Every structure is written in structure tokens, then in C-alpha cells.
1. Which of the listed residues, Leu462, Pro490, Ile428, is farthest toward the dipole's positive end in segment 422-500, when Lys, Arg count +1 and Asp, Glu count -1 at the beta-carbon?
2. About its Cα centre, what dipole magnitude does segment 405-475 give when the only charges are +1 on Lys and Arg Cβ and -1 on Asp and Glu Cβ, stated in debye to the nearest 20?
3. By count of other Cβ within 10 Å, fewest leading, how are Glu469, Glu432 ordered?
4. Can you give me the long-range amide H partners of Phe439? Hydrogens built in the peptide plane at 1.01 Å from N, cutoff under 5 Å, separation of 5 or more residues or another chain.
5. Dipole of the chain (Lys/Arg Cβ +1, Asp/Glu Cβ -1, origin at the Cα centre): which of Ala103, Thr181, Val282 lies farthest to the positive side?
6. Taking every Cα atom in segment 17-282, find the radius of gyration and the maximum pairwise distance Dmax, and write them in Å.
7. Expressed in nm², what is the orientationally averaged projection area of the convex hull enclosing the Cα positions of segment 361-430?
8. May I ask you to derive the relative contact order of segment 158-264, considering only C-alpha pairs under 8 Å and at least 6 residues apart, and to give it as an integer percent?
Amino acid sequence: LDVRVEEQDGSVQTFSVETAQVPYLTRPGQLRYKMTTGRPRDYNHSTQGPYFATGELSWGLTNAWSLYGGGIFSQDYNSLAVGAGRDMNAFGTLSADVTHASARFPGDKNRQGRSWRLSYSKRFDEINSEVTFAGYRFSERNYLTMGEYLDMRYREGYVGNSKELYTLQATKNFADLRLSTHINWSHQTYWNRPATDRYSVSLNKYFDLGDWRHLSLSLNAARSEFNGRKDDSAYISLTMPFGSGTVGYNGSMSRDRYTQNASWSQRLDNNDYYSINAGNSVGGGEGTRSQMSGYYSHLGNMADVTTNFNWAQSQYSSFGISASGGMTATAEGVALHPGGVQGGTRLMVSTDGVSGVPVGFQGHTNAFGIAVIPGVPNYYRTRAEIDVNRLPDDVESGGTPVVELALTEGAIGFRRFDVLKGSKVVAILSQEDGRHPPFGATVHNAKDRELGMVSDSGLAWLTGVNPDERLTVHWSGSAQCEVVLPRVIPAQQLLLPCKPVTRG
């Protein structure tokens, strides 16, 4: 979708946004891939099963067609998938693929099978609705996913051999009512057990109540049907701003047990957030139990750090801490940064070697003047900026502190900011014959950056100067004389002799 924005000052911006998407669609001529290796973990958080490697890739043939594939490889389980995606413009996007899997069990018992999948996505802008995902999968009797293979060989949780899976997810927004709805349905059949059906519907409403503003109400109802048994659940949540934080209430019902909690959450600054929850649960033949939980997160310059605790009366208590970060290395530089999504879109910015420059709402440039902003939206115009209100005293933005760009999925963008680091001084420039450089002469550093302008009587206000730095003074279209800063720059007015430039 091509968008044209005409501002009040007459300026015009044009850009494009996506209107439909299916995973693995890639721009023509581009190749996207990612690889992972590891070992499975069971429900008790212990590693179990073979080491494995997995990877996937997508290659853009044209603006409309992409080929994609992937695989999982281990000692006893291997699978390989190949497929194609098609952008049908106003008719949405469609993809289809086939997967072949082979599994080996003790006693040389082998199973091989295939699975076919069809996926569709479409946004209906005229009615502000979206079929976010509609899919169908058929699997042969001997086909096993890696999860099914692990459950069957190492665990007692093997739940069946999948046959057919139908899924549908749809969203409808009512902008005038500040209301959104979401419907989810799935039907799973098996080769060796009865089918399972799952339904859920949710509503989210934003509203004002008297003097209270920006309240949020969420409702959710779900049903699961298996072997003639129906399990129903419901959930309600209400949040409202209160002072500097947010107060909330949520209640849920599942299998005749009712749970309710009250919560308080607050963002301390751009980088720190915490929440506390307390409540109880009753019914279901288990008596009344109290519970409490808490969460704290800090968005650091190189990692996201989170801590949490959970306590349930007469059942369990737990405490956890985690850190998530990444490293991005390109020809423009290297930087550690908070995690974001593995392989996700991100933006690298450079401040020409100036460290400690605040970028965006969190983070600073590292010792090499590099910072990475993770989690950049795909295909949407995004702003990246230097926070001029938090700049160190000896740092100034020499150009525009804001850049705009739109990145493709998985791309690593790069932008350079014009930044000056150094002292601010008032200097009087004097030539060897006692005269001053003319009014309007400009002072430049070795990178030809203008640091100031000469006024009456040789007076100049200079920014971004450093000890022992050599500066040139320009007039009549070229450098005419040069000055050298002292080793220690005084706070008071500085007298700088300006010697003629030696021309080779």
C-alpha cells in the first residue's frame, strides 16, 4: 500500500506499508536464513534426547513468489521441508509446503512419513478486519514431528499421532467504539485417538469513565472438546491508570475453580518496570488458596534483565532471574545490545566514535560509538533519534538528531549521526600581524566540521574542541590560518594565535 502524507507546512512524505503477509515471503533477489543448534529439554527443565541442528531459509524469486525450506537434523530424527509462498496482492497471501520426516527407535524400528500444509492470510481494509491465519495440514500415519518423537521415545506424555489440522484466526476492529475482537478455532484429528476441537473468542475495549481515562477491559471465553468431554474457561481483566502506575483486576474460571487477582504495576523510567499481583483461588474440590507473584525488568545497554517470584499457598514457591542479550557485527561496527527477537529486524547507529550518546528511549553508544536498536518493526517507517535532553555536557548534535527509515524483515539497517564531543570555549583569534580574522570567518576541525564563527574583534564561540587539537580558520573560500589548542583548556576566555597555513 503506497501512502502519501501532506503535512501542514506543505511538505510531503511517501512510503509503503504491507497489507498482507505469510511467513517466508522475501524480497526478490534476497536470501534469508537462520540456524540453531541445541538439545531438547523436558518438562522438569532437564536436557533429554539427542543434540540437534535446525535451519530455515527463504529466497525471493520475484515480487510475488518466494521459495522456502528448512530442516531438523539429529542422530535419530531428521526432517526436511520445502515450499513456496505467493503474494496475490488484493487477494491476500498463500503458501504451501511439504515436510518429510524419518525417526529411528531402539531395535532398528524406523518410521517415515510426509506432511502437507496450506496457509492463507488476508487483511480486509474496507471493513477493518483481518484473517490473520487460515491453515490446513495433513500428515501421514507414520509422520512424526520432533515433539511427537521425543514424547514417544523419552516421555510418557505421548498424546497421539496427528492426522489433520484445521486452523482459523480472525480479527475485527471497531475503531469508533475502540473495540477489537479476536476469534480462534482449531480442529485436530488423529490416527489413533478421537479428534480435539478448541474455540476461543476475546474482546478488548478501551474507554473512559467520568474523570478516569484510558481504562482497558478484556474478556475471553474458551472451550476444548475431546472424547465427549467439554472443558470451559473464562477470563476477565480490567486495568486503569492510577497516579504514576496502573491498578488492575483479573478473574478466571476453569474446571469449576475460580481465581481472582489484584495487581499494581509501574514504570519507574524508560528502562525499569515492576508489577505485583496477589489473590486467591477457590472451588474445584481443592479448598481456598492464596497466591502472590512479582516481576521486575530492567532494559540495560547490553541486555534485558528480569527477575520474578511466585508463591502459592501449600503448593510451591519459586524465584527466577534471566538475562537476554545479543551481539550484532557488521562492516560498520560491533555492539552488544538487548535481546529482541532472534534474527529480528534491528538498526545500528554510529556517532563517529563518540561514546555514551543516548540513542532512542534506552541505551547508549559503546566505546566505539556504536549502538544497536533491536525490535524495529518490519516495513513500517520508523524513527531513530538521539535524546538531546540527555546528552553529556561535552557532547552536541552537529546535525539532525532524527532519522527515518523502513526496513525489510530481518534486515540490519545503518544510520550515522553527526555528533561532536569536546569542550565549549570562548576564544579570541589573533594573526601574527596583530589583526583578527575577518567577521564571518569559520573555524573547522580536522574532519572539516565547522565548530564556530568569528565575530567582531576575533571573538569566537567554539564547541567540540579537544586538548592539543589543530583547527583551521577559513575565509575567502579556503583555509587561511590555523590554531592549536593548549594541552589544558581553561574555563575562562582563551587567546589563540592564528598562524598562516603552510601550502605545499
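None of the figures in this text is laboratory data; all of them are computed from the coordinates on show. Small disclaimer: the values here were computed from a predicted structure and weren't measured. Here the Cβ positions follow ideal geometry from the backbone for every residue, glycine too, while neighbour counts run over all protein chains shown.
1. Pro490
2. Numbers: 8 positive and 9 negative charges, 43 e Å.
About 200 debye.
3. Details: Glu469 17, Glu432 10.
The order, fewest Cβ neighbours first, is Glu432, Glu469.
4. none
5. In the chain, that residue is Ala103.
6. 22.7, 72
7. Numbers: hull surface 25.0 nm².
The directionally averaged projection comes out at 6.3 nm².
8. On the way: 245 pairs, mean separation 17.3, N = 107.
Value for segment 158-264: 16 percent.
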